[in-house]
Amino acid sequence: MPSTPARRLRLRRTARLTAHTSVGPGAGSTRPPDTPTPVAPATAAEGLDWARRIELFTVVVAAVVAVVGLWYSNVQTRQANEQARDDRALAKEGQITDRHTAAVGNLGEDQVDVRLGGVYALQRIMQDSHRDQPTIANVLATYVRTHTAKPPAKGQDVAADVHAALTLGDFEAALDKADLSAANLSAASLNRA
């Protein structure tokens, strides 16, 4: 048979197709026998899709765990802050109570300067704790009543501690409510009271 150009062209095409579709080493393949056979595109896409699903699931689980961890941390921090605030308020109240007790104890001393220190300590507590102002005003009113029951000697003013208790300046409203009806203040100089 004479070889025509059309026939040669068909033979080349057939040889190429056979080389690409042949299986096994040396069956017309141009690859060396040690190289692995490529996986079909459909199989590679399915395997990659499964790997991406696992990766996506892992990322979602990690994100959920992180969000839950942040939320739990926030709750714990908020509770710790509230507890610390309550502890500070309790400590402050305890300090005010201790200072109040010490100041009232100073009012019972014999020395005038110690009693005067007690009056000024109570004044300071009145500044720090508005809630205790009426109580302290009553304590000071009682103190003034008991220490002015006897009038001072002729020509003498009331004692410095009594005068300080009567002239607490900014706390006149609290002292106005205090009962000073039995106090003998005839010798007191109350210019600022």
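The values are calculated or read from the model by the stated rules, or taken from the named source; none is laboratory data. None of the values given here were measured: they were computed from a predicted structure. Glycine gets a Cβ as well: all are built from the backbone with ideal geometry, and neighbour counts include every protein chain shown. Each accessible area value is taken on the protein alone, full model and side chains, heavy atoms only, with ligands, DNA and RNA left out. Shrake-Rupley method; radii C 1.70, N 1.55, O 1.52, S 1.80 Å.
Observations on the model:
- If the condition is being within 20 Å of R145 (Cβ to Cβ) and touching a helix residue (DSSP H, G or I) at 6+ places or on another chain (Cβ under 9 Å), then segment 98-113 contributes H100, A103, V104, G105, N106, L107, G108, E109, V112.
- Selection of segment 92-148 for residues being of a type in the set (F, W, Y) and open to solvent by less than 30 Å² (accessible area, probe 1.4 Å) yields only Y143.
- Taken over segment 100-132, the criterion of being β-branched (V, I, T) and at pLDDT 90 or above is satisfied by T101, V104, V114, V119, I125.
- Qualifying residue in segment 72-91 (condition: aromatic (F, W, Y), out of contact with any Lys or Arg (no Cβ under 6 Å at 6 or more places or on another chain) and either open to solvent by less than 70 Å² (accessible area, probe 1.4 Å) or within 18 Å of A159 (Cβ to Cβ) (or both)): no
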